[in-house]
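Nothing in this text is a laboratory measurement; each read-out follows from the coordinates by a stated rule. Bear in mind that the values here come from a model prediction, so they are computed numbers and not experimental data. Neighbour counts run over all protein chains shown; Cβ positions are idealised from the backbone, glycine included.
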Amino acid sequence: MPPTETGPNGNGAVWELPSRLGLTPEIQQLREFILQWVEECDPEVREIVRHQVSGRAKYFRPVTIFACYRATTTKSFPATLLPAVAALELTHNVTLIVDDILDRSRFRRGNLSLHCRFGFLPALMTAGYISSAGSKMVASDPYSTRLLAELLQRLGVAECLQWRLRRHPLGVEDWRAIAAEDTGSMFEICARLGTRDNRLQKFGQLLGILYHGCDDVADVRGTAALGGGSAKDIEDGILTLPAAIAIRDPETAVLFRNPNPRNIKTITARLVAALPESEEYLELIASEAESEAMANANFPEQLIALVRDTRMLSRC
């Protein structure tokens with residue numbers, strides 16, 4: 001379903017994150033860089049690529065890169081690092097294309113998803129085209145090239161792991177380990193791209209885990225602010241944070257293992273009951289992330305604001 005435009009605290013759009021963190025100029029540079037790249041794409045796929053990147057985006061991942069950079073220096077963000085930010089955003093778009101196909105999602109960012117607009121084969125081939133373009137953007141930057149390659153490998157492994165463990169009644173620590181390598185790896189790489197070292201690596205991973213957990217909770221609440229849907233996760237038996245808490249109950253664990261559609265309503269009610277504890281756990285993760293920022297950043301204020309902004313996403 002298309003995303004809503006509700007934001008943190010209900011009084012601002014999720015799309016306003018760059019403005020709230022004072023990063024509008026950097027995001028505008030990124031938009032212009034990507035739009036210029038689109039115009040240079042092969043004519044055969046240019047319109048497909050334009051459709052994918054033209055939707056209204058929240059830019060959480062580029063914002064994380066810029067915020068981590070600013071947390072370590074007072075210097076302006078160097079234009080030489082812009083290709084790495086663009087490549088990371090393109091990599092994220094590749095994952096969205098694949099997710100939409102697997103989840104049979106009709107909409108993304110308010111537009112028809114790529115496979116619904118152009119077909120499955122063009123969507124998949126364009127995902128490959130975009131991924132390769134990201135690699136070309138950072139070809140002269142060995143550090144960024146290595147990190148982006150690492151990211152794609154880790155994401156692939158994480159998705160395979162999560163799928164293999166579906167319908168297994170595992171616990172919160174298992175959920176956290178999966179989240180750390182799924183969304184966590186994406187934000188970890190963002191932090192490392194921003195600082196060009198590993199000083200905020202753990203912060204980035206914690207921010208990603210927090211985002212992942214907020215997504216899980218928001219889905220159960222029926223919001224589409226982060227994209228996705230809880231019903232699909234329940235059908236597939238995906239270990240979300242509310243599920244990991246709910247299936248401590250043996251009866252719920254049995255239902256979780258049973259893919260029978262008749263159980264979805266009951267399981268959903270159990271997940272809703274697990275939301276208060278899920279929120280408490282997210283508070284702990286947010287606190288860990290803030291502590292990590294204060295311990296390792298020269299100027300942690302913007303990182304703390306980013307954590308608090310992310311934390312509100314489960315309450316949209």
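Note down, for the range 66-154, the three equivalent ellipsoid semi-axes (square root of 5 times each alpha carbon gyration tensor eigenvalue), biggest first, whole angstrom.
Equivalent ellipsoid semi-axes, largest first: 29, 15, 11 Å.
If the only charges are +1 at each Lys and Arg Cβ and -1 at each Asp and Glu Cβ, what is the size of the charge dipole of the range 8-302 around the Cα centre, to the nearest 20 debye?
Details: 32 positive and 37 negative charges, 96 e Å.
The calculation lands at about 460 debye.
With the calculation restricted to Cα positions, what are the radius of gyration and Dmax of the range 165-316 in angstrom?
My reading of the Cα-based Rg and Dmax gives 16.0, 53 Å.
Could you work out [θ]222 nm for the chain from helices alone, using -39500 (n - 2.57) per DSSP H run of at least four and dividing by all its residues? Round to the nearest 500 deg cm²/dmol. Please report the intermediate quantities before stating the final value.
Details: 17 runs with 217 residues, N = 316.
After summing the helix terms and dividing by the residues of the chain, the value is -21500 deg cm²/dmol.
As a footprinting exposure proxy, order M186, M125, M137 by other Cβ within 10 Å, with the fewest listed first.
With the fewest neighbours first, M186, M125, M137 line up as M125, M137, M186.
Which of the peptides 270-277, 139-146 is most tightly packed, and how do the rest follow, judged by the mean count of other Cβ atoms within 10 Å per residue?
Details: 270-277: 17.9, 139-146: 14.4.
Peptide ranking by packing, descending: 270-277, 139-146.
Pick out which of C41, C116, C160 has the largest mean-square fluctuation in a Gaussian network model of the chain, springs linking Cα atoms closer than 10 Å.
C160
In degrees from 0 to 90, rounded to the nearest 10, what is the angle of the helix 60-70 Cα long axis to the longest principal axis of the chain?
The angle comes out near 60 degrees.
Hey, what angle do you get for helix 24-39 against the long axis of the chain, alpha-carbon based, 0 to 90 degrees rounded to 10?
That works out to roughly 80 degrees.
Quick one: D99, D216, fewest Cβ neighbours within 10 Å first, how do they rank?
D99, D216
Given axes a ≥ b ≥ c from the Cα gyration tensor, I'd like to know whether the chain is rounded (a/c under 1.5), prolate (a/b larger than b/c) or oblate. Walk me through the intermediate numbers first.
On the way: a/c = 1.76, a/b = 1.27, b/c = 1.39.
Verdict is oblate for the chain.
Among all lysine pairs in the chain that are eight or more places apart or on different chains, how many have alpha carbons less than 25 angstrom apart?
Lysine pairs meeting both conditions in the chain amount to 6.
Which of the trypsin sites (Lys or Arg not before Pro) found in the range 50-113 are loop residues per DSSP with 14 or fewer other Cβ atoms within 10 Å of their Cβ?
Within the range 50-113, the qualifying trypsin sites (Lys or Arg not before Pro) (loop, at most 14 other Cβ atoms within 10 Å) are R56, K75, R104, R106.
Arranged from highest to lowest average of other beta-carbon atoms within 10 Å per residue, in what order do the peptides 289-297, 15-23, 258-266 appear?
Final packing ranking: 289-297, 15-23, 258-266.
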